[in-house]
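First up is the structure itself, then whatever we jot down about it.
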Amino acid sequence: MYYQQQQSHPFLKIVVALPTMVAGCRGILEKGIQIDGLGMKNFLTYESNVLFALRFMIDCNVVGGNWIEVPAGKYRKTSKSLSNCQLEFDCLYSELISHAAEGEFSKMAPFRILSFDIECAGRKGHFPEPTHDPVIQVANLVTLQGEDQPFVRNIMTLNSCSPIVGVDVMSFETEREVLIAWKEFIREVDPDIIIGYNICKFDLPYLIERAATLGIAEFPVLGRIRNSRVRIKDATFSSRQYGTRESKEVTVEGRVQFDLLQVMQRDYKLSSYSLNSVSAHFLSEQKEDVHHSIISDLQNGNAETRRRLAVYCLKDAYLPQRLLDKLMLIYNYVEMARVTGVPLSFLLSRGQSIKVLSQLLRKAKEKNLVIPNVKRAGSEEKYEGATVLEPKAGFYENPIATLDFASLYPSIMMAYNLCYCTLVTPEDVRKLNLPPECVNKTPSGETFVKSNLQKGILPEILEELLTARKRAKADLKKAKDPFEKAVLDGRQLALKISANSVYGFTGATVAQLPCLEISSSVTSYGRQMIEHTKKLVEDKFTMLGGYEHNAEVIYGDTDSVMVQFGVSTVEAAMKLGREAAEYISGTFIKPINLEFEKVYYPYLLISKKRYAGLLWTNPDRFDKMDTKGIETVRRDNCLLVKNLVTECLHKILIDRDVPSAIQFVKNTISDLLMNRMDLSLLVITKGLTKTGDDYEVKAAHVTLAERMRKRDAATAPNVGDRVPYVIVKGAKGAKAFEKSEDPIYVLENNIPIDPQYYLENQISKPLLRIFEPILKNASKELLQGSHTRSISISTPSTGGIMKFAKKQLTCIGCKTLLSNSDQTLCSNCKGREAELYCKSVSQVSELEQIFGRLWTQCQECQGSLHQDVLCTSRDCPIFYRRKKAQKDMAEAKRQLDRWSF
Amino acid sequence: MENRVKVLAAAAASCFCFPAMAGMEIDTVENLQRKQSTYKSLDETFEIQNETYRGQQYSQIYFARLHMMRTLLYSLVTHWKPHVPVCTVLGLEEGKECIIVGTLYKHMKLKPCILDEYSKERSAVPLVKHHNFMHPDDHLVLEDESGRVKLGGTVLSPSVYVTGVVVALHGKETGAGDFMVLDVLEAGLAPQIEPQLKSREDKYVVFISGVSAGSSLSNPLQFQLLVDHITGHLGDEKEQGIAAEIVHVVIAGNSVEIPLGLLNGQNLASKDQSRLSEPVQELDISLTQIAAGVPVDIMPGSNDPANFSLPQQPLNRWLFPGSRAYNTFRSCTNPHCFELDGVRILGTSGQNIDDLKKYSEGRDGLEFMERTLKWRHLAPTTPNTLGCYPFTDRDPFLIESCPHVYFVGNQDKYGTRILKGAEGQLVRLISIPKFCNTGMVVVLNLRNLECHTLSFETQFSS
């Protein structure tokens, strides 16, 4: 820590017998010990908080996913085996040979991957609890890494179950036998990696707690160490980047748990993390969802219904495996482990900082440096973040060139040699009297020595990471074999993420080794560069300088600057962009590099961090539509908003047709007001995290959950479920949270929705944001035009005044009440039969078409033609439509039947 | 053979007033008596009377189909391969040869899916519209109530079969859990009743489809010529003599084209109201003329103002205020089945074959027709890709008795062939072209089940 002039200090290395003693030893030393003659003395310890596994790996120069060689003759077979491993022998740790992941050794090990899923028979109205509810099925699939089909498929069921093609069905009489069979299966199959969906928080703890409830003492021996019981710990995982999440940590020795849910939450921003929507997103496949209240019914049926459940359970076990393959997670994570040197399991259970720390420790070891164990500051010290140039909002119909700094923060750290060991403390600046040409003074006022005095560790790590990435990218281009490609691509991605996380490591106040001097210097340099770039661009590319137009910087974010060169073709903008990037890069210290990457044309700049545009990287055709900060993915909006915004942007940017976008908005609003909207588009979903009483403010989904419990406790949402709701018309002045209602209930009872709520609270803001830069009086034009005049409200079939109403037929043509003698049309509309009939029948025909497509789709997902669709997945976009189609169909048919007399 | 009726432009203008002149002409020539035939409607199975949508799903129709077909196939299997054991998908054992009966399901990569509407990434390029959704990776799966098994081997070609066909398969389960198919048994042609070819005289049935009144393609003059020909208002005595031998007219769908774009849920302006009903009125006038002279059956088609899913119910009588007054005018279901002088005639307005064309391959339209007969199912792709009513206790599209004539309307080309069954059944297959495109109708002789076309052309020399 800090720049030191002397070369070496003497250190004391204390070796203890067991890893657990390190912490105690550290405590004693830090508190201080009484030394004869010296009195009470306390010490700053170094590298005393390194996890044992990591310590071992660093000392042996082993990284995660590493091939290890034990030379012949250097080991012997153990006399007494302690584990369930296939091979077990003793050898001296210093004899291990670690092979760097190159050439032959970059290949992936043939991991045995077990994917499993359990089903429990819950009681009505309760989420399954291990103290009450039995485990009824466990589905297992074992796959060898790199192969596309599992080589073991089985399912263990409680009570008989009819056979399933290609699956080994094992039925047991008691739950105890099921659990024991599973345990034996694990031991026999000996998987290296255990995957599943939400296994860490649900499946594994459930099995273990269930076994404890049943008093099966021998169950929780699942690891590779003989007689070592699996332990459950409550763990909270907190990270600046990922937020705080509670989970359970289940230690299974020798088997990595790879919970796909955690991976998804970590690596992808999705609107919903249910297995259903995740598989819909990545595998474009809807998963059948059986409500847990039906599971018990299926279990209590016969062998056939249990088979049905088993098929469902198997599918749930198979999907995580497919996700794993599709997203090449094993490759990416193993590569990440190799690059950063941490074990695979750390990547999921821990944050970014352990990865940087691991690299730091390795590098420090190489350089004969040790890292102090600094007390965590814990203070919420703030430093100025990245700069954002004030955006000039508007709709730009000229190409906008984007100049990006390639890996800005890592480059800054490298260029200015920013590191723990190059930072000069303010007193040292005074004392040491360093020559000014040997130091850099950062814009934030810190002093760092230049690399000729002391080369920083961080810059060196970064340099290695970035050169390795360059190499990986170059290899990737040459690679032919798809597996090799996957490995290399995973590697370059891992390298990029690692490089970027180094900066974060220095700035994280609760991390191992915070150093705000570094991080604030980095951002201050960043700010300076953006300003500098802006100035250079606007000075050089002027009409005075011989260019056609004056260039203008319209927006700049952390590491990019958007420039309007004023030219009208993408090609010209690209030429100028390249020129500018080259010119400006020349004025920076290496390796800071400004790159020209892409052109936006047209470009809609809304505000800070909100923009949309068509992205061009070659002048012939655009690559895609790129949006940022616009309501296309937010999860707490209804689907309508997303569809509307996407469609509008599509029309504006790709079709370049603003009037049709406006027309589209108007039609949609009119549809909404006329009650023609597909209900599923209006469903808002929120997770129920606590029970009603625990919420301080009344929220729509909470009050609804309460209400549904009163209606029917069995199907009401429980804590942990996601509650879908729509906003319906309430009494005048009713609060929004009182107007929430269950979409199914709404469909069944024809309850009118509240279009005004959707108009004002859901769609107006995002729409105005988009249209304001384009349209004058956007709000007036879009939200108050003549299309908002006609309104239609459906009549509720229950409650309120309907109890007193008398139903009478109305004329199909003009809605006049019919006298008793007429059946279909009033006397005024007679003569229009053909036309009106055409209308009725076309409605029926349209509905029939939708009905057929929806229900056959559900059969498709379910994977069976001969069985009824059971799925109640509310995440499925067609769930409500399917229900509505059924209901509308019956109604339309009744209308049509009035013609047949 | 083909008869052509040509009217040159000069005559064209006056053609419109033929009906008005009809009365006069008949007085001048010797009275020709139109031949008669006995008619028996067999549409009952296609009628949806008291069935409603009560939340039933499509599984029941598959169940009914499998049940009926399995009973049938099991009885055939005993003659086909008496020594091979029969089992269910569940009962399969690896390596053991057996016969399984089940519903085929074709897994198709390119099959359009309603979920695509919700897909995240809206592609910048509009999707190319496919006319055929076949893909080399498609494969077949056999399903019964007990489960599914993937089918392997080269015997069963995925390009021929479609989802919904029930077959018996001989084969064995492989190590990978697939079923290696060694041989296939289709149900084959249904038994046929002996045609009562009692009429030793020529009697003709005219088949028309795709008149599309009201569309830009249709030529009202052409249709009027046809009407006049049928009603005997055209040509000399010889020609009228032939016309008098027409005993029945069948209109196989798509008679009108209604500008459905007008129907967007809003109330219609009065001028649009009339645009909506004009084509139907036009059709009604022509039909009235035909019905006055000869029995006519009209079936709904995909573009007609009728429901969408099969079986399509008869076009409403309100649409035909003129022709409904005649008892010779019958509005029928699609599919439509009837007997004429003991000749059983079955046909559709084309949806079943059009759907097969999208999801399988064949040389021509007639081959698809042959397949449906051999599979004993008029529309196997219902309900999977072709909409149908969710029947609960029956599958009306099963062909229990083999027809003597099987026609399909609204095809691109005219085609006909005789199909011979294993038990000596003979079926006349007819693919009726669209009238609005070709000006062609098909004429069938009930005496010997031979058929020919009749073309109507109008030339305008400008």
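Coordinate-derived values only; no laboratory data. Since the structure is predicted, the reported quantities are computational estimates derived from the model, not experimental observations. Quick reminder, even Gly has a Cβ in these numbers, built from the backbone with ideal geometry, and neighbours come from all protein chains shown.
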Amide H contacts of B:Val167 (H built 1.01 Å from N, under 5 Å, at least 5 apart or other chain): B:Gly102, B:Leu104
Ranking of A:Trp899, A:Trp67 by count of other Cβ atoms within 10 Å, fewest first: A:Trp67, A:Trp899
Per-residue HN-Hα couplings for the stretch A:225-232 [Karplus 6.51, -1.76, 1.60; θ = phi - 60°; Hz; x = Gly/Pro]: 8, 4, 6, 9, 7, 6, 10, 10
Amide proton proximity set for B:Arg447, modelled H, under 5 Å, gap of 5+: B:Lys203
Proximal aspartates and glutamates to B:Lys96, defined as alpha-carbon separation beneath 17 angstrom and excluding residues fewer than eight positions away on the same chain: B:Glu173, B:Asp178, B:Asp183
Gyration tensor (alpha-carbon) shape descriptor, the stretch A:112-340, a/c threshold 1.5: rounded
Residues with amide H under 5 Å from that of A:Cys85, placed H, sequence gap 5 or more: none
Estimated dipole of the stretch A:112-340 in Debye, rounded to 20 [Cβ of Lys and Arg +1, of Asp and Glu -1, Cα centre]: 520 debye
Cα-centre dipole for the stretch A:564-664 with unit charges at Cβ (Lys and Arg positive, Asp and Glu negative), debye to 20: 360 debye
Residue-averaged beta-carbon neighbours from other chains (10 angstrom radius) around A:159-166: 5
Counted charge near A:Glu95, where neighbours are those whose Cβ lies closer than 11 Å (Asp, Glu -1; Lys, Arg +1): -1
Derived scalar couplings ³J(HN,Hα) [the stretch A:754-769; Karplus, 6.51 cos²θ - 1.76 cosθ + 1.60; whole Hz; x for Gly, Pro]: 9, x, 4, 4, 5, 5, 7, 8, 10, 9, 5, 4, x, 5, 4, 4
Pairs beyond 28 Å (Cα-Cα), from A:Lys470/A:Lys608; A:Lys107/A:Lys473; A:Lys248/A:Lys735; A:Lys893/B:Lys106: A:Lys470/A:Lys608; A:Lys248/A:Lys735; A:Lys893/B:Lys106
17 Å Cα-Cα reach of B:Lys420 towards lysines, excluding residues that sit fewer than 8 places from it in its own chain: B:Lys374
Candidate aspartates and glutamates - alpha carbon under 13 Å from A:Lys666, same-chain residues fewer than 8 apart omitted: A:Glu647, A:Glu781
In sequence order, calculated HN-Hα J values of the stretch A:181-198 (Karplus, 6.51, -1.76, 1.60; Hz; x Gly/Pro): 4, 5, 4, 5, 4, 4, 5, 6, 6, 6, x, 8, 10, 10, 10, x, 10, 6
Environment charge of B:Val166, counting only residues whose C-beta is closer than 15 Å and scoring Lys/Arg +1, Asp/Glu -1: +2
Of the chymotrypsin sites (Phe, Trp or Tyr not before Pro) in the stretch A:2-63, those whose Cβ has at most 11 other Cβ within 10 Å and which sit in DSSP loop: A:Phe11
Cut-off 12 Å between beta-carbons: net charge of the residues surrounding A:Met57, Lys and Arg +1, Asp and Glu -1: +3
Order of A:Glu175, A:Glu517, B:Glu97 - criterion: other Cβ atoms within 10 Å of each residue's Cβ, fewest first: B:Glu97, A:Glu175, A:Glu517
Which of A:Thr856, A:Thr45 has the fewest Cβ neighbours within 10 Å, and the rest in rising order: A:Thr45, A:Thr856
